[in-house]
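Notes follow the structure.
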Amino acid sequence: MGDVSEILGLFDTAGERAVDRALAEYRAGRPVAIIEGGEALLALNVESLEAAVAVALDRLAPGRPRLVLPAARLRRLGLERTQPGVVSFPVPNAERAEMLALKIDGRIDAPVAPVVALDEAALELARLALVTPAVYAVPMAIEAVNGGVARVTAAELREYRASQVRATKIVGRAPVPLEFAAETEFVVFRGGEGLRDQVAIIVGKPDLSKPVAIRMHSACLTGDLFGSLKCDCGDQLRGTVQKMAESDGGILLYLDQEGRGNGIANKMRAYKLQSQGWDTYDADEVLGFGLDQRRFDFAAVMLKQLGVTSVRVMTNNPEKIGALKAAGLEVVADNRAYGRPTAENIRYLASKRDRAGHFIDFDAMVAHAPVNG
């Protein structure tokens, strides 16, 4: 007779399952053991580090816990850094960890050492889990890792994103008529970035033998659904679909990468900082994030599975154009995706233009902006 592991092997690899379980545990605020060679690191989301937890973790490895911080956060703490680093915790101190990882006015208070492979893997776990990218880490002997704690190897974490791209597949499709685009089909994919499914919206009947108009649109709950004035995402979403419907059709990819890949909770934290006067990118850096955490390799896989080989991209973001070319798609043209400049989003749009190189022309936006009502 066989066992359950033989059945599980029909679905995915043991490594992918290990990462899935580790992500669920880490997001829930429980520690995860990361293994590399003969070493182990117990990683905890810094948001879950209370005083009693810090004391308990120190008992596992007295005087050895450390806080792993990304380069962006270290810069906000007053250091010129392009690489992540670690700060030692010789005595348990949850308040100090909160100050270094989360406080706006935090300042570095000790030497910062370079990270090792296990620290890098711990940061990748935090990024994949879409939580604060700072990890309270406790080095341990592998034989001490027990008690049902989730285990994952550093190699499995490093491979996970690529494995999700390879596993991207269509799981459902149906016609869904939309305002301004009555002939529309939704195709749902499982895989890629984020924690949910990805969607391709096929507008009209695009001729796949010719360059297809496409847009890669990262999910924006506030703008797409609620009409937030802080961004132009909702206008871009509906405007590109309408343009596709009025021309030869096209494909809009709706991607689960909220908040430039930071997740909805971190996006709201950044919005809070923006309300206090921070620039959109500076707000993200306070939280430990770089300019943009999104990836678009899985979007190219979605297009290829739909039979698309040549595209006309509707975007203001040069990174998207480069990602499609790197994935082997022919980009024959790129066109702008216009929204409305408002008093609330003008600084945000200017920051995207000036700091991330987006192709944003305010005069053109005003000329092409959709009209309300």
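The values are calculated or read from the model by the stated rules, or taken from the named source; none is laboratory data. The shown structure was predicted, so the numbers you read here are calculated from the model rather than taken from an experiment. Virtual Cβ from ideal backbone geometry, glycine too; neighbours counted across all protein chains shown.
Which of the following residues is touching a Phe, Trp or Tyr at 6+ places or on another chain (Cβ under 9 Å), at pLDDT below 95 and of a type outside the set (Gly, Ala, Ser): Ile104, Ile142?
Details: Ile142 fails: touching a Phe, Trp or Tyr at 6+ places or on another chain (Cβ under 9 Å).
Being touching a Phe, Trp or Tyr at 6+ places or on another chain (Cβ under 9 Å), at pLDDT below 95 and of a type outside the set (Gly, Ala, Ser) holds for just one of Ile104, Ile142, which is Ile104.
Are any residues in segment 335-368 surrounded by 12 or more Cβ atoms within 10 Å (Cβ to Cβ), over 25 Å from Trp278 (Cα atoms) and out of contact with any Phe, Trp or Tyr (no Cβ under 8 Å at 6 or more places or on another chain), and if so, which ones?
Asn335, Ala337, listed by residue number.
Could you give me the residue pairs with C-beta distances under 7 Å whose first residue belongs to segment 191-211 and is in contact (Cβ under 8 Å) with a residue 12 or more places away in the chain and over 18 Å from Glu246 (Cα atoms), whose second residue is small (Gly, Ala, Ser) and loosely packed, with under 14 Cβ neighbours inside 10 Å wherever it lies, and which are 6+ apart or on separate chains?
Partner pairs satisfying both residue conditions: none exist.
Within the group Val55, Val68, which residue is surrounded by fewer than 21 Cβ atoms within 10 Å (Cβ to Cβ) and of a type outside the set (Gly, Ala, Ser)? So that I can check it myself, show each step before the final result.
On the way: Val68 fails: surrounded by fewer than 21 Cβ atoms within 10 Å (Cβ to Cβ).
Answer to the check: Val55.
Among the candidates Asp224, Asp279, Asp248, which residue alone is surrounded by fewer than 22 Cβ atoms within 10 Å (Cβ to Cβ) and touching a Pro at 6+ places or on another chain (Cβ under 8 Å)? Before the answer, list the steps.
On the way: Asp224 fails: touching a Pro at 6+ places or on another chain (Cβ under 8 Å); Asp279 fails: touching a Pro at 6+ places or on another chain (Cβ under 8 Å).
Result of the check over Asp224, Asp279, Asp248: Asp248.
Name the helices (runs of 4 or more DSSP H) wholly within segment 234-324 that hold at least 2 residues that are on the phi > 0 side of the Ramachandran plot and not aliphatic (A, V, I, L, M)? Outline the logic, then answer.
Values: elements: 258-261, 264-275, 280-286, 297-305.
Qualifying helices (runs of 4 or more DSSP H): 258-261.
Which is over 29 Å from Asp282 (Cα atoms) and touching a residue at least 12 places away in the same chain (Cβ under 8 Å), of Ala54, Ala117, Ala121?
Values: Ala117 fails: over 29 Å from Asp282 (Cα atoms); Ala121 fails: over 29 Å from Asp282 (Cα atoms).
Just a single option satisfies the conditions, and that option is Ala54.
Go through (1) touching a helix residue (DSSP H, G or I) at 6+ places or on another chain (Cβ under 7 Å); (2) modelled with pLDDT of 95 or more; (3) in a helix (DSSP H, G or I); (4) surrounded by fewer than 19 Cβ atoms within 10 Å (Cβ to Cβ) for Glu16 and report which single condition fails.
It is condition (2) that Glu16 fails.
For every residue, the table says whether it meets (1) out of contact with any strand residue (DSSP E or B) (no Cβ under 8 Å at 6 or more places or on another chain); (2) of a type outside the set (Gly, Ala, Ser); (3) not assigned by TED's automatic domain parsing to the domain that holds Gly250.
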position	(1), (2), (3)
Pro114	no, yes, yes
Ala121	no, no, yes
Leu130	yes, yes, yes
Val138	no, yes, yes
Glu143	yes, yes, yes
Asn146	yes, yes, yes
Pro177	no, yes, no
Thr184	no, yes, no
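For Arg161, state whether it is out of contact with any Gly (no Cβ under 8 Å at 6 or more places or on another chain), surrounded by 14 or more Cβ atoms within 10 Å (Cβ to Cβ) and without any contact (Cβ under 8 Å) to a residue 24 or more places away in the chain. Steps first, please.
On the way: out of contact with any Gly (no Cβ under 8 Å at 6 or more places or on another chain): yes; surrounded by 14 or more Cβ atoms within 10 Å (Cβ to Cβ): yes; without any contact (Cβ under 8 Å) to a residue 24 or more places away in the chain: no.
Spelling it out, it is not the case that Arg161 is out of contact with any Gly (no Cβ under 8 Å at 6 or more places or on another chain), surrounded by 14 or more Cβ atoms within 10 Å (Cβ to Cβ) and without any contact (Cβ under 8 Å) to a residue 24 or more places away in the chain.
Please tell me if Phe296 is crowded, with 16+ Cβ neighbours inside 10 Å, touching a residue at least 60 places away in the same chain (Cβ under 8 Å), touching a strand residue (DSSP E or B) at 6+ places or on another chain (Cβ under 7 Å) and of a type in the set (Phe, Trp, Tyr). Show your work before the answer.
Values: crowded, with 16+ Cβ neighbours inside 10 Å: yes; touching a residue at least 60 places away in the same chain (Cβ under 8 Å): yes; touching a strand residue (DSSP E or B) at 6+ places or on another chain (Cβ under 7 Å): yes; of a type in the set (Phe, Trp, Tyr): yes.
Judged against the criteria, Phe296 is a match.
If you go through segment 212-221 one residue at a time, how many are surrounded by 20 or more Cβ atoms within 10 Å (Cβ to Cβ) and in contact (Cβ under 8 Å) with a residue 40 or more places away in the chain? Give the derivation first.
The first filter runs over segment 212-221 and keeps only residues surrounded by 20 or more Cβ atoms within 10 Å (Cβ to Cβ), leaving 212-220.
Subsequent filtering for residues that are in contact (Cβ under 8 Å) with a residue 40 or more places away in the chain retains 212-216, 218.
The total comes to 6.
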